[in-house]
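Trainee: The structure follows.
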Amino acid sequence: MKRVVAGIVLSLAGCTVAQADTVVVTAARMIDVLASRVIDKPQLTITDGRIVAITAQGAPIPAGARRVELPGQTLLPGLIDMHVHLTIDPALGGYRGLEYTDNFWTVVGVANAKKTLEAGFTTVRNVGSSNFDDVALKQGIEGGYVPGPRLVPATYAIGATGGHCDATEFPPSVKVPTPAVADGPDAIRATVRMLRKYGAEVIKFCGTGGVFSKTDSVGGQQYSLVEMTALVEEAHRLGLKVAVHAHGAAGIKDALRAGVDTIEHASLADEESFLLAKQHGAYFSMDIYDDDYILAEGEKNGTFKESLEKERLIGRQQRETFKAATAAGVKMVFGTDGGVYPNGDNAKQFATMVAWGMTPMQALRAATVTAAEALGRSADVGAIAVGRYGDLVAVDGDPLADVTTLQSVSFVMKGGVVYKGGASR
């Protein structure tokens, strides 16, 4: 009996040793994206990675809590990029990537994940990678092997034979593995199931042609409404949201009729597209910064001349569409197509969004609260609020007065862990 009692005492002692990890963060001001307001002198208490209290500075803090003080800085939620490709390096364009082994791209992803997190993006949606590299990257980040953002993987993007998501830059004698190329409703449904089996948390498909595919027209529709509907139904049945790569208006509208959740690029969307998006509750994710980088660096990077020609045709039009969609009240999320330009430069798009019709607060909400809604993860990310993860970013100055300050974040926290700046005491 004495041994039993002693064992209970030791067990209780062990429970008291395993105390909750608490950190208290203070700053000069905080942007509340839920209410679109600024709060002066906030004090946040984060326990075991989640926000448990938001008070004014000077309120009592838990005994033993670590403190992170950010005097003169503006605190905002960890940013969300809804469209990245972490396992791509834009400098290896065209055929240059063929010089590297298949697993090289996971290594690229490790480097890009760190850059992206340190740039203030604590959550990203990776909408397309080969060899399930994004699942491997997610597992490495969550296992603590490498630093990186919260990652929502799509694995392979599904596409039609000869379409944007197929390998069209080779002759028939060169066989390239294309496990997500599928034609017809039954094959498409089976592909959705296969990708979910191996780790996809969102389904991405190519509804139209694109810029970086060598042989198709950028706006041409590549899946029928029947095929799109089968894909979306299957994904939604499995609890997965659906993103569609779509530049052309016809493909955009059929994708919306099929029930997709986000339209990626949306370059040639028209007034009917805007109306359908609003009717169906869909979001536009428009990578309007890319045009600057592609046209400035593409030729040097080895980008196909056909792709550069398509970008010259569509870049300006996409920005005009962004402005019109914003004015029409379409729900917009922040998506950059990181990998087309260097990952880690994600925040450069904020200035482009403001230049083409958004206020700084609208642009910031697109990368926080609205993006979290589109992900279906509003309980966890996208705002500084009790119950959500302690994902925080701080900048010097006021991003609502000068949105370019977001390009130089001084502090990054993910889940209560500091990854950049903000020495604790």
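The values are calculated or read from the model by the stated rules, or taken from the named source; none is laboratory data. The structure displayed is predicted, hence computed values, not measured ones. FYI the Cβ positions are ideal-geometry reconstructions off the backbone, even for glycines, and counts take in every protein chain you see. When the accessible area is computed, the model is the full protein with side chains, heavy atoms only, and any ligands, DNA or RNA have been set aside. Shrake-Rupley method; radii C 1.70, N 1.55, O 1.52, S 1.80 Å.
Trainee: With unit charges on the beta carbon (Lys/Arg positive, Asp/Glu negative), name the residue among LEU295, ASN346, GLY382 whose Cα is farthest towards the positive pole of the charge dipole of region 248-387.
Mentor: Farthest along the dipole direction, towards plus: GLY382.
Trainee: Can you tell me the Rg and the Dmax, both Å, for the Cα atoms in region 125-165?
Mentor: Cα only, region 125-165: 12.1, 39 Å (Rg, Dmax).
Trainee: Treating the beta-carbon of each Lys and Arg as +1 and of each Asp and Glu as -1, no other charges, what is the dipole magnitude of the chain about its Cα centre, to the nearest 20 debye?
Mentor: With Lys and Arg at +1 and Asp and Glu at -1, about 1560 debye.
Trainee: In what order, largest first, do SER408, SER285 sit by accessible area if the probe radius is 1.4 Å?
Mentor: Final ranking, largest accessible area leading: SER408, SER285.
Trainee: Which of LYS197, LYS114, LYS214 moves the most in a Gaussian network model of the chain with Cα springs under 10 Å?
Mentor: Of the options given, LYS197 has the highest mean-square fluctuation.
Trainee: In debye, nearest 20: dipole of region 77-129 around its Cα centre with unit charges on the Cβ of K, R (+) and D, E (-)?
Mentor: 100 debye
Trainee: Once the cut-off is 19 Å, how many percent of the Cα-Cα pairs in region 45-124 end up in the long-distance tail?
Mentor: Within region 45-124, distances greater than 19 Å cover 58 percent of Cα pairs.
Trainee: Ok, one more. Rounded, prolate or oblate: which fits region 139-200, taking a ≥ b ≥ c as square roots of the Cα gyration tensor eigenvalues, rounded meaning a/c under 1.5, else prolate when a/b beats b/c?
Mentor: On the way: a/c = 3.12, a/b = 1.71, b/c = 1.83.
Oblate.
Trainee: Answer with one residue from TYR419, ALA372, SER273: the one whose Cα lies farthest towards the positive end of the charge dipole of the chain, charges on Cβ with Lys, Arg +1 and Asp, Glu -1.
Mentor: The Cα lying farthest towards the positive end belongs to TYR419.
Trainee: Across all directions of projection, what mean area in square nanometres is found for the Cα convex hull of region 260-344?
Mentor: Across all orientations, region 260-344 yields a mean hull projection of 5.8 nm².
Trainee: Determine the order of MET194, MET286 by accessible area, beginning with the largest, at a probe radius of 1.4 Å.
Mentor: In descending accessible area the options line up as MET194, MET286.
Trainee: Checking a compactness column here: for region 359-425, what do you get for Rg(Cα) / (2.2 N^0.38 Å), N being the number of residues? Could the numbers behind the result be given before it?
Mentor: Details: Rg = 12.6 Å, N = 67, 2.2 N^0.38 = 10.9 Å.
Working it through for region 359-425, the quotient is 1.16.
Trainee: Highest mean first, what order results for 24-31, 217-224 on Cβ atoms within 10 Å?
Mentor: Descending packing order for the listed peptides: 24-31, 217-224.
Trainee: Okay, moving on. Treating only the Cβ of Lys, Arg, Asp and Glu as charged (+1, +1, -1, -1), what charge dipole size does region 231-366 show about its Cα centre? Round to the nearest 20 debye.
Mentor: 380 debye
Trainee: With unit charges on the beta carbons (Lys and Arg positive, Asp and Glu negative) and the dipole taken about the Cα centre of the chain, which residue among SER173, VAL107, GLY78 sits farthest to the positive side?
Mentor: Comparing the listed Cα positions along the dipole, GLY78 ranks first.
Trainee: If you count, for each residue, the other Cβ atoms within 10 Å and average over each peptide, how do 179-185, 369-375, 300-306 line up from highest to lowest?
Mentor: Peptide ranking by packing, descending: 369-375, 179-185, 300-306.
Trainee: What per residue convex hull volume, in Å³, comes out for region 147-300 when only alpha-carbon positions are used? Walk me through the intermediate numbers first.
Mentor: Values: hull volume 22.3 nm³, N = 154.
Considering the Cα atoms of region 147-300, their hull volume per residue is 145 Å³.
Trainee: Please list, ordered by chain and number, the residues whose modelled amide H lies under 5 Å from the amide H of TYR156; skip anything fewer than 5 residues away on the same chain.
Mentor: SER129, PHE132
Trainee: Next question. Using only the heavy atoms of the protein chains and a 1.4 Å probe, how would ASP402, ASP396 rank by accessible area, largest first?
Mentor: From most exposed to least exposed: ASP396, ASP402.
Trainee: Let me ask you something else. May I ask you to work out the translational diffusion coefficient for region 294-425 at 20 °C, viscosity 1.002 mPa s, via Stokes-Einstein with Rh from the Kirkwood sum over Cα pairs, reported in whole µm²/s? Can you show the working numbers first?
Mentor: On the way: Rh = 16.7 Å.
Estimated diffusion coefficient is 128 µm²/s.
Trainee: What shape does region 311-377 have by the C-alpha gyration tensor, where a ≥ b ≥ c are the square roots of the eigenvalues, rounded means a/c under 1.5, and otherwise prolate means a/b greater than b/c and oblate the rest?
Mentor: Cα axes put region 311-377 in the oblate bin.
Trainee: Still on this structure: Only helical DSSP H runs with n ≥ 4 go in: add -39500 (n - 2.57) per run for the chain, normalise by residue count and round the 222 nm mean residue ellipticity to 500 deg cm²/dmol.
Mentor: Numbers: 12 runs with 145 residues, N = 425.
Result for the chain: -10500 deg cm²/dmol, rounded to the nearest 500.
Trainee: Suppose we keep just the DSSP beta bridges with both residues in region 134-283; what percent of those would be antiparallel, to 5?
Mentor: Roughly 10 percent of the beta bridges in region 134-283 run antiparallel, per DSSP.
Trainee: Moving on to the next point. Return, for the Cα atoms of region 97-176, the radius of gyration and Dmax in Å, separated by a comma.
Mentor: 14.4, 45
Trainee: Could you check what % of the DSSP bridge pairs in the chain are antiparallel, to the nearest 5? Could the numbers behind the result be given before it?
Mentor: Working: 29 of 63 bridges.
Here the antiparallel bridges make up roughly 45 percent for the chain.
Trainee: While we're here: Rounded to two decimals, what is Rg over Rh for the chain when you use alpha-carbon atoms and the Kirkwood radius? Could the numbers behind the result be given before it?
Mentor: Numbers: Rg = 22.7 Å, Rh = 22.3 Å.
My calculation puts Rg/Rh at 1.01.
Trainee: Enter the accessible area of ASP102 (Å², nearest 10), with the probe set to 1.4 Å and all protein chains included.
Mentor: The accessible area comes out at roughly 100 Å².
Trainee: Do the alpha carbons of any pairs in LYS115/LYS300; LYS253/LYS278; LYS115/LYS241; LYS204/LYS323; LYS253/LYS331; LYS138/LYS414 sit beyond 19 Å of each other, and which pairs?
Mentor: Beyond 19 Å between Cα atoms: LYS115/LYS300; LYS115/LYS241; LYS204/LYS323.
Trainee: Using only C-alpha positions, report the orientation-averaged shadow area of the convex hull of region 29-175, nm², one decimal.
Mentor: Projected area, direction-averaged: 12.3 nm².
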